[in-house]
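> Mind looking over this structure? Questions follow.
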Amino acid sequence: METLAMHISNGIINGPVAAIFAVIALAAMAFCVVRGRQDLDDRLAPMAGLVAAFIFAVQMLNFPIFTAGVSGHLLGGALAAMLVGPWVGALCVAVVLVVQALVFGDGGVAMLGLNITNMAVIGIAAAYLLIALLLRVLPRTTAGLAVTAFVAALVSVVVAALGFVLQYQLGGTTDLGGNLAGLAGTMAVSHLLIGIGEGLITATTVVTVAKVRPDLVYALRALKPATPASVPTVGGVR
Amino acid sequence: MTLRKRSWGFVVGGLLVALLLAGVVSNFASAHPDGLDSSLRKGCTFDADDEITGGNCPAQEEREHEIGGPLADYGIAGLDNDFLSTGLSGVLGVLLTFGVAGGAFWLVRRRGPEGARAGADPAGAGGQPDAGRPSATATGQG
């Protein structure tokens, strides 16, 4: 029976570096609680719970990428940032990682700070910067929304993967001869391919939610266009 | 009030989709190591039990998980039926994640003046949070 490890396992990064990133992650999540509270109302709270549960579910669905013997799965950062915003979205991804580490033996508990930093902090930051940029420059159409979700998801996965390479540079436990180019290369290429899958899943999900309940897509509410075109808000127009 | 109800309807519907994905579709997921795991294993050779037999790779110092537990590796310990084991662990994970995340978000949610007004005036429940949002996000962008 093979083990299914999706996240950084114990022993991959040394203790001191893992501890430093635990502090970084804790500070970042505390900040997200403070900022996220401004977004969290009676409507967003259950939606955010759903987003976390949905990310947990889809992370179980490893899909093959076009490299022999390698699979990928959703990280969920761009999806969460799109649907519930960057602050609450980061908390959603962090909750998933905590549940996986504490209950499902996936990702060392001592490595939680590293995993949270990569996927909930770096991944979400990259995703939301791109979402904010693209939603302003692209046309306010379904295609524009889909492209935004796809690009933000793809880039966020690659950036999160490079976050791990940086962590390995700082505290990797195996001496790779001082040469991280090989690791950086395989991480970047495999996560570029995974990013395509992430982009397709994210775009499909976001477009579906936007069709059913556009008012539940945070990015469409928060990043209003200069000309309020076809964004239906339910009783929210002043 | 109707908006509130429809929001909950959406959440319940979404939860059912998540349960289906984690409970059933998860059994058709690829069993190959993911991008991170495969990158870490590159350079080492493995035997049939997935133990490292030689080489030099980032995964070679990997250690056991601190907790493990009955749901470790997305299965139910002692349940021989792989389909049920994976599916049930997925269902439990979705419910647990929803409970933990939804519960925590519900507890820390904003219940300031806006929230109180929205609660007291059901007809305006949908409008109030939206009206307050642009200013909140304007600071968020800064």
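> Taking a ≥ b ≥ c as the square roots of the Cα gyration tensor eigenvalues, with a/c under 1.5 meaning rounded and otherwise prolate when a/b beats b/c, else oblate, which class fits region A:1-145?
Taking the square roots of the gyration eigenvalues as a ≥ b ≥ c, region A:1-145 is oblate.
> Right, something else. Select from region A:94-114 all residues whose loss of accessible area on going from the chain by itself to the full protein assembly reaches 20 Å² or more (probe 1.4 Å).
With the partner chains in place, region A:94-114 has these residues losing at least 20 Å²: A:95, A:99, A:102, A:103, A:104, A:105, A:109.
> Given a Förster distance of 22 Å, report the FRET efficiency between residue A:66 and residue B:25 from their Cβ-Cβ distance, rounded to the nearest 0.05.
0.60
> Once A and B are treated as a pair rather than alone, how much accessible area drops out, both sides summed, in Å² to 100, probe 1.4 Å?
Using a 1.4 Å probe, the pair buries roughly 6800 Å².
> So which cysteines of the protein assembly as shown have no other cysteine's Cβ under 4.7 Å from theirs?
A:32, A:92
> If you don't mind, another one. At residue A:179 and residue A:34, where each label point lies 7 Å from the Cα along Cα→Cβ, what is the point-to-point distance in nanometres?
4.6
> Taking square-rooted eigenvalues a ≥ b ≥ c of the alpha carbon gyration tensor, is the protein assembly as shown rounded, prolate or oblate, where a/c under 1.5 means rounded and, failing that, a/b exceeding b/c means prolate?
Numbers: a/c = 1.91, a/b = 1.67, b/c = 1.14.
Taking the square roots of the gyration eigenvalues as a ≥ b ≥ c, the protein assembly as shown is prolate.
> Still on this structure: Over the protein assembly as shown, what percent of the accessible surface lies on carbon and sulfur atoms, probe 1.4 Å?
Numbers: 11080 of 16130 Å².
In the protein assembly as shown, the share of accessible area belonging to carbon and sulfur is 69 percent.
> At a threshold of 8 angstrom on Cα-Cα distance, excluding pairs fewer than six apart, so keeping six or more, what relative contact order does region A:1-97 reach in percent?
On the way: 74 pairs, mean separation 27.6, N = 97.
Value for region A:1-97: 28 percent.
> May I ask for the distance between the Cα centers of region A:46-71 and region B:29-102, given as a whole number of Å?
Value for the Cα centre distance between the two parts: 14 Å.
> Quick one: which residues, 5+ away or cross-chain, put their amide H under 5 Å from the amide H of residue A:173? H built at 1.01 Å from N.
A:14
> Can you compute the FRET efficiency between residue A:133 and residue A:204 using 1/(1 + (r/R0)^6), with r the Cβ-Cβ distance and R0 = 30 Å? Round to the nearest 0.05.
For R0 = 30 Å, the calculated efficiency reads 0.90.
> Count neighbours as other Cβ atoms within 10 Å of each site's Cβ, and list the trypsin sites (Lys or Arg not before Pro) in region B:20-71 that are DSSP loop with at most 15 such neighbours.
Answer by residue number: B:63.
> Still on this structure: Could you do me a favour and compute the accessible area per residue for region A:37-170, 1.4 Å probe, result in Å²?
For region A:37-170, the per-residue accessible area is 27 Å².
The values are calculated or read from the model by the stated rules, or taken from the named source; none is laboratory data. The structure displayed is predicted, hence computed values, not measured ones. When we count neighbours, we look across all protein chains shown, and the Cβ atoms used for this are built from the backbone with ideal geometry, even at glycine. We work out accessible area using only protein heavy atoms, side chains counted, and drop any ligands, DNA or RNA first. Shrake-Rupley method; radii C 1.70, N 1.55, O 1.52, S 1.80 Å.
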